Amino acid sequence: VDLFNLQIARSNASDHDGIPLISYDTAPADHWQLAAKRTVDLLASGLGLLVLLPLFGVIAAIIKLTSPGPVFFRQTRSGLTGRQFTLYKFRSMVIDAEQQLGELRHLNELSGPVFKLTNDPRQTWIGRLLRKTSLDELPQLYNVFKGEMSLVGPRPPLPKEVAEYEPWQRRRLSMRPGITGMWQVSGRNNIDFDEWMRLDLEYIDHWS
């Protein structure tokens, strides 16, 4: 008998004075593993920021010389338990990209509340290169260092996307969002929104 929707919580068998029990957890419960994950994140992001500093300078100079506007793109995202934070990227689009979004909604390649367009006309030429190589994501090492993100985990959604989540999809907020995750390594351009959510929950339930 299906007693509980396992998309919403993960079942665990336990024992209480010889009485078998089934409990349901909506978030990772192993605090030692979470502490180890945070330690790896802190060390790797700190080292990465130091080692990649010259590359940051080169990318920043190219963006500044080839397109008007700031070097970094800042956007409010939802993190662990829905807590909002400012996410950083190298700017890969024109400065009025957000204002142009409404005109491109009908070209969205994904179902659900997210927007994805492979050949987005708002991208600058250097932005296309940064997106293709994922170099635009490097400033998120700073988010990882601050504890707002992790190296690996579900991608951080926009608050307006979270507002449209179904109850089972909200469980992806039970872990720190990551720079990369299951969606990125599983063919992100060929996966629909529900499969994306399923992959994130699979990671939350089985990471180590």
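Within a straight-line Cα-Cα reach of under 20 Å, residue 37 can be paired with the following lysines, leaving aside sequence neighbours fewer than 8 residues apart in one chain: 146. Bridging of residue 160 to lysines at a Cα separation below 18 Å is possible for 116, once same-chain residues fewer than 8 apart are set aside. How charged is the neighbourhood of residue 78? Take every other residue with its Cβ under 11 Å from the Cβ of residue 78, and add Lys/Arg as +1 and Asp/Glu as -1. So the surrounding residues net to +4. Protection proxy ranking of 32-44, 194-206, by the mean of other Cβ atoms within 10 Å over each peptide's residues and highest first, is 194-206, 32-44. Using only Cα coordinates, the Kirkwood hydrodynamic radius of the stretch 56-107 works out to 12.8 Å. Among the protein heavy atoms, those of residue 49 account for about 40 Å² of accessible surface (1.4 Å probe, every chain in place). Using equal-weight Cα scatterers in the Debye expression, the normalised intensity of the stretch 88-133 in log10 at q = 0.15, 0.20, 0.24, 0.34 Å⁻¹ is -0.39, -0.69, -0.95, -1.26. Taking every protein chain into account, the accessible area of the stretch 105-208 amounts to 48 square angstrom per residue (probe 1.4 Å). Local charge sum around residue 36 (other residues, Cβ-Cβ under 14 Å, Lys/Arg +1, Asp/Glu -1)? For residues surrounding residue 36, the net value is +1.
So what is log10(I(q)/I(0)) for the stretch 138-189 at q = 0.20, 0.24, 0.25, 0.32 1/Å, when the Debye sum runs over its Cα atoms only? Listed by q, the Debye log ratios stand at -0.76, -0.99, -1.03, -1.17.
The values are calculated or read from the model by the stated rules, or taken from the named source; none is laboratory data. Quick caveat, the model's predicted, so the values are computed rather than measured. Reconstructed Cβ throughout: ideal geometry from the backbone, glycine too, with neighbour counts over all protein chains shown. Ligands, DNA and RNA are stripped out before the accessible areas are found, and what is left, the full protein with its side chains, is counted by its heavy atoms. Shrake-Rupley method; radii C 1.70, N 1.55, O 1.52, S 1.80 Å.
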